[in-house]
Every structure is written in structure tokens, then in C-alpha cells.
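Peer 1: Before we start, here is the structure in question, set down as C-alpha cells.
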Amino acid sequence: MERNDKGKHRIIFPAKVVRKKPRGRKRIPGKVKFVTFKRLIQEICKDFNIKYIWYDQMCINQDDKEEKHAEIHQMHHIYRNAYCTIALVPELTVTVSDPSHISPLGLAGTDKYSLLGSQWMKRMWTLEETILSSKIVLIGNSIHCWYHQISSVRFPILRNDFDCDIRTILHYAHARTSTKEHDHVFALANIFPEIMKEITVNYDQDIHDLMIQFYGLLAKTDLSILCFRRYYNYKIICKTTISYCIEENSTRETEYNIPVQKSNLPSWTGVYGEHDYRINYKTSFKNYTVNGKILQVTCAGMTNDQHHNEILDLQSIKDMVPPLPSRRDHNNYWRLLIRRQPQGSMNEKFINVLCIKERELNSTVYCHIATELHNLSHFMSIKKTNLLWTTTEWETTTVFFFGYLTEALEDSTQYVILVGIPFIYDKCMELTHYPVIKKDGDYYKAIGMCHIKWDDDHFFDDFPLEEQTFEIQ
């Protein structure tokens, strides 16, 4: 099928000087030629000395369903076996002070988000070509570069050693769109050939059932599907600005259009957050099953069953927090700790709430303390007698961090830290991540991860936490 365009693709032929026989030179002026997309492809092949090129609009008969379905199943072979993939990214721009030296895109120039905000980064099928291609040449408006010239920190999917981990793939996938809803699954499934074998390429099947099947297969493959956080990069990728004009006044409001949220997926897929691609989480936990929309896990969980009667507001926290000791050591930080002694245990546990150098407890400090104690009170009972100030560097303290959850903790809701499902980062063993769930009707809802940094890697061992079965939807 021919691509339908208006022949407005621009090829720039620069001016050049050629030798004339028997002597002399002739200057040939530059020119601009407007061509169809097919002609543009031919020019690229000529410039790069490419003998064979595969282009889906030309190489797949879009009107033949059987051929199209069969080719979709083979897409991963096409990308993996190609010498290189050419990606046309007109938004890709770079500005450098020294034209003779171009740094990796992530560090060069002022327009460092040109690739992040491009249409190429927003289409589902281009994610597959990015991950599966052995080499990629990116053609921009004023620059072309190889994939390895792009910052691998900002775009890990461009690394040669990218191992197709689910977290990173879903981080990029959930911000992308496809013309047909089914292609969200077909493009993603091609990245996982074993999963693709279980998927039927049929655009007539129910899209919701297909999505549930695919994400269930993903979760069975790797439980790090639970490793998501509140929006961060999506604030750039998925930002939409709406203007309101009332008479002579006009206002602009920023909203976020997260494509995957249209699919009504269960919370454990990370649909309400953004998967964290920065850290390579690993867990050995296997005691779980997936049945349709339900992810069922059986493990120990930490919660405060009495927290409804122990709501800590700002005033009650002011009454609870002991005053700073009269001895003022200006060279040390003050640490507010919670001393805990688990029932039936002789071992004391210490939780670091706050570390300050202020000489007095002002309103800002109280608000910070209030937030930390309010969050902790959902998972443990906190008494005034458990709080103490110290300047001592305690050898075994633990820090809980809830700042990456997809929603704020509410007073009237029960929450559970799934302490039986630890996700470890091999380069920072003292930092462990645990899924957090909230009671939502008959089921639980996944709301991201709690980060716990500790010097005591047996913090939960002395707490009487029984295994329970949690059904997450």
C-alpha cells in the first residue's frame, strides 16, 4: 500500500565545488527538493549505501489481514536481524558551543528534552524498534546521530546491554499511544517472544480481555511490575496545556494525559503511577498467583489495626514531641527517634524520624515531623514515651520513606507494607523497597513502594507479623 502524503518532505542538497577538465573549478549552488516519503526513503538508502530496506507501510500488505497478523508475530526477528534501524525524529535538536565537538545528547546543548518530548517517543511501535534493534541512526531536524551518542542514563532502552526488564519497558510503554488499541499489546508482546507465543494476533478480540491476559503473563514473568512511583518523567512526556479565555482574561492549566489510564487496568499493573527505571529491583518472592484482574500474594504485612483511633494531627504531635534538650551542641545534628520494642522481644528497634540542626522547633520542623509520624502511624502504634532526641550516631536505625507513593495516606483507610516482598537493589544493599497496598472494598489497591533504609537488616524479624493472603486488583 502506498503511503499517502503530499510530497512535502524536504531534502537539502548543499552547495559544492567540482573540478572542471582540463582545469578549473565549478561551483554548484545548493537546492531544496520536496519529495514524497517513498522518495525520501530512497535518498536515505543512497546516502548510506543501503542495498535493502524494510519499511512496514511498503513491505506489509495493510489490506491483507492474514499477512499483517503473520508479520506482526515476526517483527522481533526483523528488528533483531537488521543491520541498523533508521528513526526519523524531526524534533531532535542539539545546540553546541563548539561545532567540532558534539557531546552525548543528554549533556549537550539547551534542548535536552527534544527527544523525550518527540512523537517518536510517544508511539508504541517505535518502542519495539528501539529495544530490539542492534543499531539505530536517529535523523533529526539539524542533527543525525547514532544511538550510543544519546545519554544512556536518561534513555536506558538505547543501551546495548539493556536486558528488557519489565519496569523500564513499562515506564516508556505506558506513556505511548497506538492508532489501534490492540497494538499496545502486540507491540509490547513482541519484546517478550515467550509471551508473544501465548498471544493471538486478532484485532476482533475484546481489547480489555487481551490487556488483562498480557499483563497477567507479564506479572507471572516478573513481579517487579509492582515497582512504580508517583509521576516524575510523565510530567514532561504526557503534559498537555489547556487555555481558557473568558472575555479579556486568559488562563493556562497544565494537565497530564497518561494513555494507559484509558484501559481500566488493575492497580498492580502500575496504571496509576510511573514505573521506576532508575534502579534494578530484584526479589526472590514467588508465593503469588494471577487470575484475571486479581494478583493474589501470600506474605507477611505490616499495618496498624488500631490506627483509626490514633490519628495524629499537628496539635497532637506538638504535644507528643519532647522539647529539644537544653544542651545545645552546634556541631552536631539532632535526631528524633522512635524507640520500639516488639512484643516478646528483648531487642529495641530505632526509627529515624527527622534530622535537624535548628536550635528550636519552629512550625516548619513541626510540619515535617507531623508528616512523618502521620505516615508511620498507619503501620505502627506511636506513643509519646517512644520519642526521644539524640545527637548520638546510632548504629542501628531505620528510615521509612513514603514520598514516592502514588497518593497521600488517608486517615480513614487501612494500609499494609508487604514486608514479605522485599525488592533489593544490588548496588545499595541497605536500601530495600516494599510494595504498599490500601484496603479498597473487598480487595486491595497497589499504590507504589515504600523505601526503607536501614543499618539493621533484620528490622522486621522481631515483629510478630503473620502471613496473610492479599488480593490486589
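FYI, it's all coordinate maths here, none of it is from the lab. The shown structure was predicted, so the numbers you read here are calculated from the model rather than taken from an experiment. Reconstructed Cβ throughout: ideal geometry from the backbone, glycine too, with neighbour counts over all protein chains shown.
Peer 1: Through the Karplus equation 6.51 cos²θ - 1.76 cosθ + 1.60, θ set to phi - 60°, convert the phi angles of the range 348-356 into ³J(HN,Hα) values in whole Hz; use x for Gly and Pro.
Peer 2: Once rounded to whole Hz, the list reads 8, 10, 10, 10, 7, 8, 7, 10, 9.
Peer 1: Continuing with the same structure: Going by how many other Cβ atoms sit within 10 Å of their own, how do H208, H73 line up, fewest first?
Peer 2: So the ranking, lowest neighbour count to highest, is H208, H73.
Peer 1: Which value in nm describes the separation of the simple spin-label points at Q296 and K180, placed 7 Å from the Cα toward the beta carbon?
Peer 2: Label-label distance for Q296 and K180, simple model: 3.5 nm.
Peer 1: What distance in nm separates the simple spin-label points at T390 and E91, each placed 7 Å from Cα in the Cβ direction?
Peer 2: The answer from the label model is 5.1 nm.
Peer 1: Assign unit charges at the C-beta atoms only (+1 for Lys and Arg, -1 for Asp and Glu), then state the dipole size of the chain relative to its Cα centre in Debye, rounded to the nearest 20.
Peer 2: Charge dipole, the chain, about its Cα centre: 3740 debye, nearest 20.
Peer 1: What FRET efficiency comes out for the pair E360/V17, r = Cβ-Cβ distance, R0 = 60 Å, nearest 0.05?
Peer 2: In this case the efficiency is close to 0.20.
Peer 1: Report the net charge of residues surrounding A300, where surrounding means a beta-carbon distance below 12 angstrom and charges are Lys +1, Arg +1, Asp -1, Glu -1.
Peer 2: Local charge sum for A300: -3.
Peer 1: What order do you get for R10, R339 when you list them from fewest to most C-beta neighbours inside 10 Å?
Peer 2: R10, R339
Peer 1: Looking at the chain, send over the antiparallel percent of its DSSP beta bridges, to the nearest 5.
Peer 2: Once the DSSP bridges in the chain are tallied, antiparallel ones form about 90 percent.
Peer 1: Let me ask another. Within the chain, which whole H helices from DSSP have a Cα span along their axis of at least 30 Å and a mean Kyte-Doolittle hydropathy of -1.0 or more, if any?
Peer 2: None pass (Cα extent of 30 Å or more, hydropathy at least -1.0).
Peer 1: Debye calculation, C-alpha points only, no solvent: report log10 I(q)/I(0) for the range 1-53 at q = 0.28 Å⁻¹, in the same order as the q values.
Peer 2: Those come out to -1.04, one per q.
Peer 1: Label-point separation (nm) for K220 and K8, each offset 7 Å from Cα along Cα-to-Cβ?
Peer 2: 4.8 nm
Peer 1: Provide the gained length on full extension for the span K235 to E194, in nm with one decimal, where the gain is 0.36 nm per separating residue minus the Cα-Cα distance.
Peer 2: Stretched fully, the K235-E194 segment lengthens by 11.5 nm.
Peer 1: State the extension gain, in nm to one decimal, for the chain segment bounded by Q62 and R159, taking 0.36 nm per residue of separation less the distance between their alpha-carbons.
Peer 2: Result for the pair: 31.7 nm of gain on full extension.
Peer 1: Continuing with this model, one more query. For the range 307-472, with equal point scatterers placed on the C-alpha atoms only and solvent neglected, what are the log10 I(q)/I(0) values from the Debye formula at q = 0.08, 0.09, 0.14, 0.18 1/Å, to two decimals?
Peer 2: Those come out to -0.26, -0.32, -0.80, -1.30, one per q.
Peer 1: Test of understanding: what is the full-extension gain from Q315 to D411, defined as 0.36 nm times their sequence separation minus their Cα-Cα distance?
Peer 2: Residue separation times 0.36 nm, minus the Cα-Cα distance, leaves 33.0 nm.
Peer 1: For the range 9-21, just list the computed ³J(HN,Hα) in residue order, Karplus coefficients 6.51, -1.76 and 1.60, θ = phi - 60°, integers in Hz, with x standing in for Gly and Pro.
Peer 2: Result, ordered by residue: 6, 9, 10, 9, 9, x, 5, 8, 10, 10, 6, 10, 8 Hz.
Peer 1: Can you pull out the chymotrypsin sites (Phe, Trp or Tyr not before Pro) in the range 374-473 that DSSP calls coil and that have at most 14 other Cβ atoms within 10 Å?
Peer 2: W394
Peer 1: Sequence gap at least 6, Cα distance under 8 Å: using those rules, report the relative contact order of the range 370-473 to the nearest whole percent.
Peer 2: The value is 27 percent.
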